[in-house]
1. Could you rank the peptides 336-342, 283-289 by their average count of other C-beta atoms within 10 Å per residue, with the highest value first?
2. Return the distance in nm (one decimal) between the two label points of a simple spin-label model at Glu507 and Asp410, each offset 7 Å from Cα along Cα→Cβ.
3. Roughly how many nanometres apart are two label points built 7 Å out from the Cα toward the Cβ at Thr618 and Leu166?
4. Using θ = phi - 60° and the Karplus relation 6.51 cos²θ - 1.76 cosθ + 1.60, list the HN-Hα couplings for region 506-512 in order, rounded to whole Hz, with x at every Gly or Pro.
5. Going by average Cβ neighbours within 10 Å, how do the peptides 466-472, 487-493 rank, with the highest at the top?
6. Using a 1.4 angstrom probe and counting only protein chains, how large is the accessible area of Met25 in Å², to 10?
7. Where does the charge balance sit around Val111 when Lys and Arg score +1, Asp and Glu -1, over other residues with C-beta under 9 Å from its C-beta?
8. Full extension from Met25 to Asp74: what is 0.36 nm times the residue separation minus their Cα-Cα distance, to one decimal in nm?
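The values are calculated or read from the model by the stated rules, or taken from the named source; none is laboratory data. Predicted model, so just to flag it, every value in this text is computed and none were measured. Don't worry about glycine lacking a Cβ; one is built from the backbone with ideal geometry, like all the others, and counts go over all protein chains shown. For accessibility, only protein heavy atoms count, side chains too; no ligands or nucleic acids. Shrake-Rupley method; radii C 1.70, N 1.55, O 1.52, S 1.80 Å.
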Amino acid sequence: MENIDIIPAGFTREYRVLAEVCASMSSGFVLLNQQEHMVYSNPSAQRLLGLYQGNQATAEDFDIRQHLLSLVADPRQARSELELAWSHSEREYATDLALADVAVRWLRVRVFPVHSERGYMLGRGVIFDDITLERSALETRRETLALAAHELKTPLAIIKGCATTLLGGSARWDPAMQREMLQMIDAQSDRLYDVLNTLLDMWRLDTGAQPLRLTQVHIPELLQQLVKRWHLQAGSHRFVLDVYPSLPMVTCDVVRVEQALNHLLENAVTYSSSGSVVTIRAEANDVEVRIGVSDEGVGIAAEQLDRIFDRFYRGKQQEEHSDGSGLGLAAARATVEAHGGRIWADSLGVGQGATFYFTLPFMPRALTTAAPPAALVAGTAEVPALPKQSGRPALFRRDRRVRVLLAESDSRLTRYLRANLEEQQYRVQTVSHGVQFLRQLDLEEPDVILLSTRLADMSGVELLQRLREFSRTPVIMLADECDEDERVQIFDLGSDDLVVKPFGMKELLARVRALLRRQPSNTEPTNNQTNFSTGELTIDYAQHLVTVKGRTVQLSKIEYKLLSVLAQNVGMVVTHELLLEKVWGPEYNRDVDFIWVYISRLRRKLEEDSRRPKYIVTVPDVGYKLVKL
């Protein structure tokens, strides 16, 4: 008994604070006593380990090591790694485990000892982190480097072979053969130079080390010059330019944008037959210009649309028609994204042509990376209003359609659903993998999600569980045959509706319409209130841009929503319950921990001293208020 520590008077209060902190962690956290029994696990640990029922997480006989071994792809290797981690009782040890048939593909496990104040061993702490995206990025970098090395070896081998041949006995070769070898050396040197330059440009643009030399550009004039040049360069094709002549000036790096357009036009010419038409369209809305390049060529298979902009990637159809490096589209994407725009491809399928779209904002957000002349800054202070356009192919009107994100691994079903949804004027984005699904959500929030219970790399049910941690976007689950208990679980995890395959298209469309009707109207300010400011804090609602003292503040989607709700009620106290309902949804109206965590993040980003906030102040036991300064 003399070895038992005395419990301090404030233990209950301190324990509650620690429990709230642990509950808000994105990392999984588990405490084990000396008998290896689980005495505490936070919600993230239960999610990462698949302990949704709660009974396993509290059972005294629950063996966490055996549970991990049941999840891993290679139990033999994992067993030795876990035994090594558990054998280091007095120091921290970490290992990465590859999992199988669960949402999390890679899990980092860190084990460390827990001691009392007197130094007695109380047990172990285990921290779990989802490193799936980290490993995926690492594998992508390795694949890119391997492809780059292969692409560079080819011209080097030709140059080396020709040079060695000439040096070995040039007197044996007639002048025509020598000239042919020298021409090969010259051509492959140019190719090597282009590949290296393109790679360096992309890496610099990705890291922000490549400055943009911004000038004001009249897009119709730039496109007219390009079309004239391509008429001479590729006379076997017919080029059609469809551009509204009164487009506003765009502030961009004209050399980079022209290079991106050349890559898209070269792609269109390369993969379409002689005599076919290449169409270039341009149109604008209030904040950006959109350009589309369409061809009548080999088309792109639906499963390749997500990868077509990857470096060195060439689909089967592309490999048959070109021996290029596969860097043109990747370079175009790097340029567009460096300007703050978006780029994507669309195709009805193989043999039905393709269209490449990209957008450019009138003024790039990251002007700090550029060095514009003083006249440019003055000349772009005001962007002229756009006249109404009618009777033309309105590219931008597609952005105002209902956005549907379709996640389905069956490519035939994907094409069928996409065709029917687009027939109803929905704008559809398709993915087949869970990682693609999460990346697409980060790029753009859809109006409704159609989520299959079985994707190529993870279970749709697991993905739904992860989605509901940060989004309340309406979800219709496309389920394989399942019993009542499984359907109940899907609804309990956050699905708004469910259809069982096979289903009728009319019924699915009716369910989508019904779900959209039940959605509340957008709570963001209308167009006649495009900016908000208090003190030196400014919100540009049109561009989702937040600045403090002229400095851009990077906010997550949740942080931006939270700040927007406070701004709409500036000077007034917003209760915890109202904030939870507006930002996370009605089902979170008791989870005050969410607000505490995100308010802390906002203060660190917006306030000079987060401990003495002047913008976001706390009203004890009630809520928060954004002060009007």
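1. Highest mean packing first, the order is 336-342, 283-289.
2. Result: 1.4 nm between the two label points.
3. 7.6 nm
4. Coupling constants for region 506-512: 4, 5, 4, 4, 5, 5, 4 Hz.
5. On the way: 466-472: 17.4, 487-493: 14.4.
Result, highest mean Cβ count within 10 Å first: 466-472, 487-493.
6. Met25 exposes around 60 Å² with every protein chain in place.
7. +1
8. Details: separation 49, 0.36 × 49 = 17.64 nm, distance 2.82 nm.
Difference between extended and current length: 14.8 nm.
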